[in-house]
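Okay, structure first, notes after.
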Amino acid sequence: MSPRKQKELAEGAGSPPRHIAIIMDGNGRWAKKRGLPRTAGHAAGVESFRRAAKYCRRIGVEYLTVYAFSTENWKRPLEEVQAIMGLLKKYLGEALEGLAAEQTRLCFFGDLTALSPELQALCLDCAEKSKNYQGGQVNVCLNYGGRDEIVRAAKKWAAEGCPELTEERFGSYLWSAGVPDPDLLIRPGGETRISNYLLWQMAYTEMVFSDVLWPDFDEREIDKAIEIYHSRNRRYGDVGKQEE
Ligand code: IPE
Ligand code: IPE
Ligand code: MG
């Protein structure tokens, strides 16, 4: 889609962003504040994700992309990594009913082969069984890194014998092939960086950073972020809307 067309769509009166990306950050600090282990923060983070996905679906967001585990998160203590993988297993084991009820497709961005065979099977099963639902799409970024995604795309292109390359064609080699670029990035948790997230896709994404920790990031906080998004003038390098 051309930037101009994207802009027109994004400016549709009161319409929600078509695609929201979220960096679900702050679980550990949320737990620490309560004297709980970091893993309790991750468990609360999963609940916050369920709530956010349901809400985004309700307000008509077509694509929701969440950062669940980065290529850098393997650096964390083994027990924490194992706890996160355990939570993912639990979530995916329970996800099918909800996906059917909400008619939501579940997709994954990232190299799943680094995960346990059981977790890989759950991911593939959820993706396969939900692939024809028409109510919206949730992309879970798992063992995902923006640079890793770009390098893999370049390798796929090279393996095809380096055909004539355009931006559009390059995008077709990414995990996000076929998904429009995010309109809005939300990062809760107080950090103002993108931590290797959707580097290619966020060329013109509006970014909203919040100090609220992810487990506390409820529907009201999503509304606030969308309100900020609507107050922005997306120029895409053009002169944009001129004030009278
Ligand atoms: C985000 O919360 C979850 C993952 C990275 C898996 P954190 O665990 O990074 O929480 P903080 O940033 O330490 O508070
Ligand atoms: C980004 O959060 C990754 C996820 C939320 C999955 P991090 O907590 O890993 O990011 P940094 O380390 O603060 O940049
Ligand atoms: Mg963090």
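The values are calculated or read from the model by the stated rules, or taken from the named source; none is laboratory data. The structure presented is a predicted model; accordingly, all values stated were derived computationally and were not measured. Cβ atoms come from the backbone with ideal geometry, glycine included; neighbour counts cover every protein chain shown. The accessibility values were calculated without ligands, DNA or RNA, using every heavy atom of the protein model including side chains. Shrake-Rupley method; radii C 1.70, N 1.55, O 1.52, S 1.80 Å.
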- Note on the structure: Across segment 195-215, the tally of residues that are touching a helix residue (DSSP H, G or I) at 6+ places or on another chain (Cβ under 8 Å) and within 14 Å of ligand 2 (Cβ to nearest atom) stands at 8
- Message: Looking at Phe217, Phe170, can you tell me which residue is surrounded by 22 or more Cβ atoms within 10 Å (Cβ to Cβ) and aromatic (Phe, Trp, Tyr)?
- Response: Phe217
- Message: Quick check on Glu62: is it farther than 17 Å from Leu213 by Cβ, open to solvent by 20 Å² or more (accessible area, probe 1.4 Å) and within 11 Å of ligand 3 (Cβ to nearest atom)?
- Response: no
- Between residues in segment 192-211 that are farther than 15 Å from Ile150 by Cβ and residues that are open to solvent by 30 Å² or more (accessible area, probe 1.4 Å) and outside any loop (DSSP other than H, G, I, E, B), which pairs lie under 6 Å by C-beta distance while being six or more apart or on different chains? Thr192/Phe209; Val208/Ile228
- Of the conditions (1) open to solvent by 10 Å² or more (accessible area, probe 1.4 Å); (2) within 18 Å of Phe109 (Cα to Cα), Ala159 clears all except one; give me its number. (2)
- Task: Could you grab the pairs with beta carbons closer than 6 Å, sequence gap of 6+ or different chains, first residue in segment 113-136 and on the phi > 0 side of the Ramachandran plot and small (Gly, Ala, Ser), second one part of a loop (DSSP other than H, G, I, E, B) and surrounded by 13 or more Cβ atoms within 10 Å (Cβ to Cβ)?
- Result: Gly136/Glu62; Gly136/Thr104
- Query: Looking at (1) touching a Gly at 6+ places or on another chain (Cβ under 6 Å); (2) open to solvent by 10 Å² or more (accessible area, probe 1.4 Å), can you tell me which one Gln137 breaks?
  - Reply: (1)
- Among the numbered conditions (1) assigned to a helix (DSSP H, G or I); (2) of a type outside the set (Val, Ile, Thr); (3) open to solvent by less than 30 Å² (accessible area, probe 1.4 Å), tell me where Tyr67 comes up short. (1)
- May I ask you to verify whether Tyr204 is open to solvent by 60 Å² or more (accessible area, probe 1.4 Å) and either more than 16 Å from ligand 1 (Cβ to nearest atom) or in a loop (DSSP other than H, G, I, E, B) (or both)? yes
- Message: Regarding segment 224-231, can at least one residue be identified that is exposed (fewer than 14 other Cβ atoms within 10 Å of the Cβ) and in contact with a Gly (Cβ under 7 Å, 6 or more places away or on another chain)?
- Response: no
- Note on the structure: Residue hits (segment 116-171; small (Gly, Ala, Ser) and either within 20 Å of His19 (Cβ to Cβ) or under 17 Å from the mean Cα position of the chain (by Cα) (or both)) are Ala127, Ser130, Gly135, Gly136, Gly145, Gly146, Ala153, Gly171
- With the first residue restricted to segment 68-84 and required to be more than 24 Å from Leu198 (Cα to Cα) and in contact (Cβ under 8 Å) with a residue 24 or more places away in the chain, and the second required to be open to solvent by less than 40 Å² (accessible area, probe 1.4 Å) and part of a helix (DSSP H, G or I), Cβ contacts under 7 Å at 6 or more apart or on different chains are Ala83/His42
- Task: Filter segment 91-134 down to residues that are surrounded by 15 or more Cβ atoms within 10 Å (Cβ to Cβ) and in a loop (DSSP other than H, G, I, E, B), then give me how many there are.
- Result: 5
- Query: Restricting segment 172-210 to residues that are of a type in the set (A, V, I, L, M, F, W, C) and within 16 Å of ligand 3 (Cβ to nearest atom), which is farthest from the chain's Cα centre (by Cα)?
  - Reply: Phe209
